[in-house]
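Notes follow the structure.
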Amino acid sequence: MFNRQQYTEAFTLYEDILQQQRQYSPQMLLKMAYIKEGLRDYTGAMYYLHLFYTKQPSRSVLKKMEELAQAHRLLGYEYNDLQFFKTQFSKHYMRILELMLLAAVVTVTVMVISWRKGHKFTPTFKVGFILYLFFILYYINFLNLGDAGIIKNNHVAIMSAPSAGASWVTTASEGHKVPITGEQDIWYEIKWKGEKAYIRKTNLLELP
C-alpha cells in the first residue's frame, strides 16, 4: 500500500501492528513518520522519528528532526553530543548493567576464595567495593537520563502551577518538545524556555 501511495491505509495497518501486536521494524517507523509529515501532523512525525532514533541512534535522524523543527518553528529539538551520548547509553543500558553485575559476582567469588586462603583485604579495597555496589543500586533504581514529551494539541495553556487557576505562562501549539521534570495529579511539571511550568497530561505525548 505504501509503495502504491495509499498512505492513509498503510498507516492504519502500521499503527495496528505497532499498538496491538507490539511489533515494528525501523523502516516501518520511518514510513509512519513520513506519512505523518505529509499530513502536517508534526507531533506524530517527531514521535515516530524519536521511536526510530531510540532503536537506531544516528546523527542523520537527529538532523532530520532538527530541520523539521526549524522549518516549522518547533522548540526543544536542539541536539548536541550529550544528547547523542544519552541515547547511545540508554540503548546499551541492560548490557552495561549485566557487565557490572558480572564483575561484582566475579569479585565476590575471588574475595571468598582468597579469604578462605587467609588473605586479608585492605580498608581501601573494601570501601571501594562497597561504593561500587552502591553505584549498581543507584544505576538500577535512580539513574534517570531525563524524560520528555511532545505537545499534541493546539492552543495548549502552559501554567505557572499545577492548577487551572494558576498564572498563565503562554499558549503553545502542537509539536513542541519539552523536558518532563515531575508530575502532580493531572499535570506534568515541565521546563518551558528554561523555566518551570505545568501542562495537563492530556496535552502531552510522553516519549519512551
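Tabulated results
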| read-out | value |
| --- | --- |
| Options 24, 12, 57, ranked by Cα towards positive dipole end of segment 9-58, top entry (Cβ charges) | 57 |
| Whichever lysines have a C-alpha closer than 24 Å to that of residue 117, once near sequence neighbours (fewer than 8 apart) are set aside | 126 |
| The chain: most fluctuating residue of 120, 31, 86 per GNM, C-alpha cutoff 10 Å | 120 |
| Solvent-accessible surface ranking, highest first, for 124, 109 at 1.4 angstrom | 124, 109 |
| For the chain, built as a Gaussian network whose Cα springs stay under 10 Å, the top-fluctuating residue of 85, 135, 11 | 135 |
| P(r) histogram, all alpha-carbon pairs of segment 60-156 included - 5 Å bins from 0, percent | 2, 9, 13, 15, 12, 10, 9, 8, 6, 5, 4, 3, 2, 1, 0 |
| Backbone HN-Hα couplings from phi across segment 179-196 [Karplus 6.51/-1.76/1.60, Hz, Gly and Pro as x] | x, 9, 10, x, 8, 8, 6, 8, 10, 9, 8, 10, 10, 10, 6, x, 10, 5 |
| Extended-chain gain in nm, criterion 0.36 nm per residue less alpha-carbon gap, residue 25 and residue 133 | 35.2 nm |
| Overall form of segment 1-93 per C-alpha gyration tensor (a/c, 1.5; a/b vs b/c) | oblate |
| Solvent-accessible surface ranking, highest first, for 114, 163 at 1.4 angstrom | 163, 114 |
| Length gained when the stretch residue 98-residue 160 is fully extended (0.36 nm per residue, less Cα-Cα span) | 18.1 nm |
| Over the chain: helical MRE at 222 nm, DSSP H runs n ≥ 4 each giving -39500 (n - 2.57), nearest 500 | -17000 deg cm²/dmol |
| Residue-level accessible surface for residue 119, protein heavy atoms, 1.4 Å, Å² | 100 |
| Portion, in percent, of the accessible area of the chain that falls on carbon or sulfur, probe 1.4 Å | 56 |
| Accessible-area value, residue 110, 1.4 Å probe, nucleic acids and ligands omitted, Å² | 80 |
| Residues listed by number, segment 8-29, amide nitrogen under 18 Å from residue 60 label point at 7 Å toward C-beta | 25-29 |
| Long-range Cα-Cα pairs in the chain (distance over 31 Å), rounded percent | 38 |
| Nonlocal amide H pairs with residue 207, under 5 Å, H built at 1.01 Å | 148, 149, 150 |
| Charge dipole magnitude, Cβ of K and R +1, D and E -1 - the chain, Cα centre, debye nearest 20 | 800 |
| The chain - percent relative contact order, Cα under 8 Å, separation 6 or more | 16 |
| Distance from segment 162-192 to segment 1-75 (C-alpha centre basis), Å | 25 |
| Cβ-derived FRET efficiency at R0 22 Å, residue 140 paired with residue 86, nearest 0.05 | 0.80 |
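The values are calculated or read from the model by the stated rules, or taken from the named source; none is laboratory data. It should be emphasised that the depicted structure is a prediction, and the values quoted were computed from it without experimental measurement. When we count neighbours, we look across all protein chains shown, and the Cβ atoms used for this are built from the backbone with ideal geometry, even at glycine. SASA here: full protein model, heavy atoms, side chains in, ligands and nucleic acids out. Shrake-Rupley method; radii C 1.70, N 1.55, O 1.52, S 1.80 Å.
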